[in-house]
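S.K.: Just dropping this structure here.
The values are calculated or read from the model by the stated rules, or taken from the named source; none is laboratory data. Nothing here was measured: the structure is a model prediction, and the numbers come from that model. When we count neighbours, we look across all protein chains shown, and the Cβ atoms used for this are built from the backbone with ideal geometry, even at glycine. Each accessible area value is taken on the protein alone, full model and side chains, heavy atoms only, with ligands, DNA and RNA left out. Shrake-Rupley method; radii C 1.70, N 1.55, O 1.52, S 1.80 Å.
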Amino acid sequence: MEPHVLVRFYHEIALKGANRPWFLRQLTTNLKRALVGTGAIGITRDSMMATLRLKDPDQWVVVKERLQHVIGVERFGRAYRVNPTIKAIKQAVPSMLEGQNPTSFRITARRADKRFPLTSSQINEEIGAQVVELTGWRVDLKNPDFDLQIQTRSNDALLSSEEIRGPGGMPVGVGGHVAMLLSGGIDSPVAAYQMMRRGCKVTFIHFHSFPLVDGTSKEKASDLVELLTQYQQDSRLLMVPFSAVQQQIIITVPPKYRVTIYRRFMLRIAQDLALKCNAGGLVTGESLGQVSSQTLENMTTIGTVADKLPLFRPLLTMDKMEIINKARPLGTYPISIIPDQDCCSLFVPKHPVTKSRVEDVERMEAMLPVEEMVKEALAGVEDQTYHWPTFDASHKFAEETRSAEPSG
Ligand code: ATP
Ligand code: MG
């Protein structure tokens with residue numbers, strides 16, 4: 001029996017109407033791309049799942065690691081492929097039980113092809129009896145320790161017993177393209193991931209005050225993008241020099257208003273960059289009331305400069321603990337907490353204004369050459385690209401047709 005991997009797709013995709021074939025195609029493309037270089041072959045899609053073959057069982061380690069990062073994958077696990085007959089299934093059962101010592105078990109049969117001569121419950125009964133005879137294990141239909149799943153299809157039957165969780169979500173690419181304002185903090189990487197899980201491709205924009213501060217925030221942004229690229233396979237990070245803008249702001253703007261005005265400049269610059277790279281929206285990691293710059297009034301004052309693109313705040317209603325609880329499993333948390341000097345903490349007082357008004361900040365900005373400042377920052381943008389996994393582009397998948405003889 002050759003090991004296969006059974007990949008089940010995110011349940012929400014099944015609910016889509018006319019777009020469903022496109023979503024599934026995109027997910028299959030992302031899957032194939034994520035598995036390049038692993039030696040996994042014969043990726044075939046069948047309704048809401050895909051199967052692939054492992055030429056060598058040792059490949060499982062790397063395949064598992066890759067699949068855990070493919071958005072749109074709900075669950076996956078190793079499976080064994082045999083002929084679609086009850087005899088072949090029964091022959092394969094003993095090896096599925098090897099090394100297992102559960103307190104209870106269940107058989108879960110599904111028939112994708114209704115021409116299989118036994119119904120699902122007949123398969124459950126027949127294989128269940130076989131397992132009891134072989135092992136003496138207790139049957140528990142509700143909460144078993146070991147669940148042997150059997151799926152019969154027209155050309156084969158798949159036996160599996162493990163279920164590893166994928167990230168779920170809508171495949172990256174079907175939800176459009178957004179530009180994310182990525183600081184080195186805890187929130188924005190989580191916000192980026194939330195958008196990816198809704199199918200968005202994310203371009204990252206990071207503002208840094210180098211050389212007014214050291215390069216830590218740039219390094220953090222770069223590490224965060226590298227990590228997040230695992231979920232969308234290719235990323236672009238635009239590093240924007242912000243110290244010249246800040247130096248001009250501190251000359252004319254009273255300290256209490258500086259953070260608000262820094263943020264308005266970031267958003268203006270980000271909007272220009274987003275439009276240039278055809279992004280359809282801007283995203284921040286803001287959460288209502290988290291800090292003084294994120295009061296309803298300040299978010300309004302800041303948000304009004306995004307006048308050509310919608311501004312999304314996926315973390316708006318989440319508290320810090322909820323956000324941290326997402327950052328930890330994502331792996332961004334340890335990078336985010338590395339101490340750095342946030343560019344917005346430069347030359348600002350402890351207690352900035354919490355209820356700014358658009359008229360007031362517009363009056364202050366009237367003293368500044370806004371357009372020139374934006375232009376100058378844009379001229380210094382560093383454009384970086386990231387890829388995951390890194391592979392030899394000449395590598396191609398050996399496609400295998402579904403009619404190929406099952407090996408088990
Ligand atoms: P984060 O943890 O994402 O930094 P925060 O709670 O520290 O969030 P702020 O620092 O006020 O909040 O930032 C609010 C949002 O503004 C960030 O989530 C991010 O989208 C954007 N932002 C702030 N600083 C930067 C930066 N240097 N570069 C790019 N975006 C930034
Ligand atoms: Mg921050």
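S.K.: On the basis of being buried (at least 19 other Cβ atoms within 10 Å of the Cβ) and within 15 Å of ASN155 (Cα to Cα), does ILE89 make the cut?
M.R.: So ILE89 fits the description; yes.
S.K.: May I ask you to list the residues in the stretch 22-50 that are in contact with an Asp or Glu (Cβ under 8 Å, 6 or more places away or on another chain), closer than 18 Å to ARG78 by Cα and either in a loop (DSSP other than H, G, I, E, B) or free of Cβ contacts under 8 Å to residues at least 60 places away in the same chain (or both)?
M.R.: Scanning the stretch 22-50 gives a single hit, GLY39.
S.K.: Would you say GLY169 is away from ligand 2 (no atom under 16 Å from the Cβ), open to solvent by less than 20 Å² (accessible area, probe 1.4 Å) and of a type outside the set (Phe, Trp, Tyr)?
M.R.: In short, yes.
S.K.: Turning to a different aspect of this structure: Return the residues of the stretch 112-146 that are open to solvent by less than 30 Å² (accessible area, probe 1.4 Å) and either among the charged types (D, E, K, R) or on the phi > 0 side of the Ramachandran plot (or both); say none if nothing qualifies.
M.R.: Selection gives ASP113 alone.
S.K.: Return yes when GLY215 is out of contact with any Lys or Arg (no Cβ under 6 Å at 6 or more places or on another chain) and within 13 Å of ligand 2 (Cβ to nearest atom) and no when it is not.
M.R.: When the stated conditions are applied, GLY215 does not pass them.
S.K.: So VAL353 passes all but one of these: (1) open to solvent by 30 Å² or more (accessible area, probe 1.4 Å); (2) within 36 Å of the chain's Cα centre (by Cα). Which condition number does it fail?
M.R.: Just one mismatch for VAL353, condition (1).
S.K.: Which residue pairs have Cβ atoms under 8 Å apart, sit 6 or more places apart or on different chains, and have a first residue in the stretch 185-203 that is assigned to a strand (DSSP E or B) and a second that is among the charged types (D, E, K, R)?
M.R.: What qualifies is THR203/ARG236.
S.K.: Let me ask something additional. Please pick out the residue among ALA179, ALA109, ALA157 that is closer than 30 Å to THR216 by Cβ, surrounded by 18 or more Cβ atoms within 10 Å (Cβ to Cβ) and not charged (D, E, K, R).
M.R.: Only one candidate passes the filter, namely ALA179.
Residue by residue, here is whether (1) touching a Ser or Thr at 6+ places or on another chain (Cβ under 8 Å); (2) assigned to a helix (DSSP H, G or I); (3) in contact (Cβ under 8 Å) with a residue 12 or more places away in the chain holds:
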| residue | (1), (2), (3) |
| --- | --- |
| SER235 | yes, no, yes |
| ALA244 | no, yes, yes |
| GLY289 | yes, no, no |
| ILE302 | yes, yes, yes |
| LEU309 | no, no, yes |
| PRO314 | no, no, yes |
| PRO329 | no, yes, no |
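S.K.: Filter the stretch 331-362 down to residues that are outside any helix (DSSP H, G or I), among the hydroxyl-bearing types (Ser, Thr, Tyr) and within 16 Å of ligand 2 (Cβ to nearest atom), then give me how many there are.
M.R.: Total satisfying the criteria: 1.
S.K.: Could I ask something else about it? Residue pairs, Cβ under 6 Å, 6 or more apart or interchain, first in the stretch 333-358 and more than 21 Å from SER243 (Cα to Cα), second more than 12 Å from ligand 1 (Cβ to nearest atom) and open to solvent by 80 Å² or more (accessible area, probe 1.4 Å). List them.
M.R.: Sorted first by the residue in the stretch 333-358, then by its partner, the pairs are VAL353/LYS256.
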